[in-house]
Amino acid sequence: MIKNFVEELKWRGMLAQIMPGTEELLKKEMVTAYLGTDPTADSLHIGHLCGIMMLRHLQRCGHKPIILVGGATGMIGDPSGKSQERNLLDSTTLYHNQECIKKQVAKFLDFNGTEPNKAEMVNNYDWMKDFTFLDFAREVGKHITVNYMMAKDSVQQRLNGTARDGLSFTEFTYQLLQGYDFLHLYKTMGCKLQLGGNDQWGNMTTGTELIRRTLGQEAEAFALTCPLITKADGKKFGKTESGNVWLDRNRTTPYAFYQFWLNVSDDDAERYIKIFTSLEKEEIDSLIEEHRQDPGRRVLQRRLAEEVTVMVHSREDYEMALEAASILFGKSTKESLLKLDEQTLLDVFAGVPHFTVDRDQLGKPAVELLTSEALPVFPSRGEMRKMVQGGGVSLNKEKLPAFDKLIGEEDLLDGKYLLVQKGKKNYYLITVK
């Protein structure tokens with residue numbers, strides 16, 4: 001039995017606003033729906049994931065998803081929720097970014113099937129690049145009044161001084177451009193529904209209005225939004241101290257990605273497991289119940305982190321993230337340390353004391369190196385000798401056999417790191433330059 005898309009979004013907490021008639025349309029036929037994404041980077045970040053999951057649920061409910069890469073609109077900038085204009089991109093960069101984004105989205109949507117609801121990706125630059133200003137003014141501009149456009153919240157916020165720079169004409173026309181995308185997809189692909197974040201509601205309703213004014217009131221065009229995801233404390237979701245959490249492993253390692261989900265609060269885990277996984281309601285309800293019985297086991301966070309890491313990266317990456325996490329808690333060997341790439345090693349030990357020494361220090365005994373001014377891991381030689389003799393010091397996850405062992409090039413991880421462990425929990429990461 002094919003599920004009801006709107007019901008699916010409702011219980012998952014993924015429905016903010018919906019135009020009247022949308023649910024009836026979805027029950028009546030296979031609906032083609034699109035969601036726009038901004039191609040200003042060659043990777044999506046987890047702030048985009050709610051929209052991508054909406055498309056995933058849409059396809060699983062038997063409807064056809066289109067992901068629109070805003071090549072043309074990405075060259076302009078959108079005033080919704082922004083206080084400044086965006087940088088403009090050249091077409092080579094835009095197409096590179098588009099291909100990278102498609103690869104990421106292909107993990108969520110089926111682009112290759114034979115079913116009529118297989119996913120498709122389009123770029124609005126393809127139909128906007130040859131559209132002259134005069135044609136645009138005649139075909140689009142005449143249908144929507146300035147009064148209608150001025151009434152939108154996103155425009156009002158920019159005009160009423162919440163932004164220093166006011167609103168440029170370029171950005172003012174953004175809602176018409178986005179509206180035209182919907183009209184174009186309606187005419188060429190039979191697309192009747194636009195999905196997006198709740199900050200896009202104004203632009204989306206301009207699209208439905210443009211379709212009706214251009215093609216007649218009987219034209220069926222609808223909009224549906226998901227809420228903007230925040231943390232329980234109201235702060236922006238998906239940002240860490242070091243910036244966005246990206247889907248691209250070269251920007252955010254699978255280990256750091258896994259850790260982000262593992263460390264969300266209990267309240268957030270209850271919301272996020274509904275939004276960011278495809279688990280069924282019964283399973284999620286029982287996980288929530290199990291978690292509430294013993295929050296200390298972090299059942300929800302562990303399952304959430306597993307599901308999202310496997311979906312975005314792979315089962316192997318998830319297992320490597322688990323192994324990397326176990327390194328910190330003393331249950332691993334030098335072999336597992338050697339498996340880590342450099343960025344993951346730095347991510348795992350981001351919170352430990354970090355020292356840098358010159359390469360000419362290699363060849364010295366450990367006791368001399370680790371009690372020096374540059375590397376004060378031990379306060380004195382005597383203390384280090386005693387601890388090594390008691391088996392309490394490890395170098396790169398192997399017990400240090402003697403306090404005066406010579407430290408050489410062959411001991412370096414990735415040709416430039418040493419990991420010293422003192423007791424069970426004290427780590428020191430040393431970079432040799």
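Zone of Arg292 (label point 7 Å along Cα→Cβ, backbone N under 18 Å): which residues in the range 250-275? So the set is 265-275. Using the Cβ-Cβ distance between Asn263 and Lys103 with R0 = 30 Å, the FRET efficiency computed as 1/(1 + (r/R0)^6) comes to roughly 0.65. Between Trp11 and Tyr95, the contour length at 0.36 nm per residue exceeds the alpha carbon distance by 26.6 nm.
Dipole of the chain computed with +1 at Lys/Arg Cβ and -1 at Asp/Glu Cβ about the Cα centre; of Ala137, Asn112, Leu395, farthest Cα towards the positive end is Leu395.
For Met150 and Thr132, calculate 0.36 nm times their separation in residues minus their Cα-Cα distance, and state this gained length in nm to one decimal.
My answer for the length gained is 4.1 nm.
State whether the range 116-236 is rounded, prolate or oblate according to the following rule on the C-alpha gyration tensor (a ≥ b ≥ c being the square roots of its eigenvalues): a/c under 1.5 gives rounded; otherwise a/b larger than b/c gives prolate, and the remaining case gives oblate. The shape class here is oblate. Largest mean-square fluctuation among Phe355, Phe182, Phe169, in a Gaussian network model of the chain whose springs join Cα atoms under 10 Å apart, belongs to Phe169.
In debye, nearest 20, what is the charge dipole magnitude of the chain about its Cα centre with +1 on Lys and Arg Cβ and -1 on Asp and Glu Cβ, if you could check?
600
Name the most mobile residue of Leu35, Leu247, Leu419, meaning the one with the largest mean-square fluctuation, in a Gaussian network model of the chain with Cα contacts below 10 Å. Residue with maximal mean-square fluctuation among Leu35, Leu247, Leu419: Leu419.
Quick one: check the C-alpha center-to-center distance for the range 366-406 versus the range 180-255, whole angstrom. If we compute the Cα centre of each part, the gap is 57 Å. If you fit an axis through the alpha-carbon atoms of helix 315-327 and take the longest principal axis of the Cα set of the chain, what angle between them do you get, 0 to 90°, nearest 10? Roughly 40 degrees, rounded to the nearest 10. Surface calculation, 1.4 Å probe, protein heavy atoms: Cys100 sits at approximately 40 Å² accessible.
Taking Cα atoms only, the orientation of helix 299-312 departs from the longest principal axis of the chain by about 70 degrees. Could you list the residues of the range 387-423 with an amide nitrogen less than 11 Å from a label point located 7 Å from the Cα of Gln361 in the Cα-to-C-beta direction? Hits in the range 387-423 for Gln361 at 11 Å: 418.
Comparing mean-square fluctuations of Asp341, Asp248, Asp42 from a GNM of the chain with C-alpha springs under 10 Å, the top value falls on Asp341. Between Glu29 and Ser242, full extension at 0.36 nm per residue minus the direct alpha carbon distance yields a gain of 72.2 nm. Take the Cβ atoms of Ile2 and Lys416, set R0 to 51 Å, and the FRET efficiency comes out at 0.40. Each label was represented as a point 7 Å from its Cα along the Cα-to-Cβ direction; for Gln217 and Leu338 these points are 7.6 nm apart.
Go through Lys28/Lys129; Lys236/Lys331; Lys103/Lys187; Lys107/Lys425; Lys103/Lys235; Lys129/Lys231 and tell me which ones have a Cα-Cα distance over 32 Å in this structure.
Result: Lys28/Lys129; Lys236/Lys331; Lys107/Lys425; Lys129/Lys231 exceed 32 Å.
Round to a whole angstrom and tell me the spacing of the C-alpha centers of the range 104-174 and the range 2-69. If you average the Cα positions of each part, the centres end up 18 Å apart.
Our coupling estimate for the range 29-45, obtained by passing each phi through the Karplus curve with A = 6.51, B = -1.76, C = 1.60 and θ = phi - 60°, is 7, 6, 9, 8, 10, 10, 9, x, 9, 8, x, 6, 9, 8, 8, 7, 10 Hz, Gly and Pro reported as x. Extending 7 Å from the Cα toward the beta-carbon at both Glu139 and Glu283 defines two label points whose distance is 4.6 nm.
Once backbone amide H atoms are built at 1.01 Å from N, Lys64 has Val31, Thr32, Ala33 as its partners under 5 Å, excluding neighbours fewer than 5 places away on the same chain.
Let's test the formula: R0 of 25 Å, r as the Cβ-Cβ distance of Ser168 and Lys235. What FRET efficiency results, to the nearest 0.05? Result of the calculation: an efficiency of 0.30.
Rounded to the nearest 10 degrees, the angle from helix 91-105 to the longest Cα principal axis of the chain is 70 degrees.
The values are calculated or read from the model by the stated rules, or taken from the named source; none is laboratory data. Small disclaimer: the values here were computed from a predicted structure and weren't measured. A quick note on method: Cβ atoms are made from the backbone with ideal geometry, for glycine too, and the neighbour counts reach across all protein chains shown. Please note that ligands, DNA and RNA were not included when accessible areas were found on the heavy atoms of the full protein model with its side chains. Shrake-Rupley method; radii C 1.70, N 1.55, O 1.52, S 1.80 Å.
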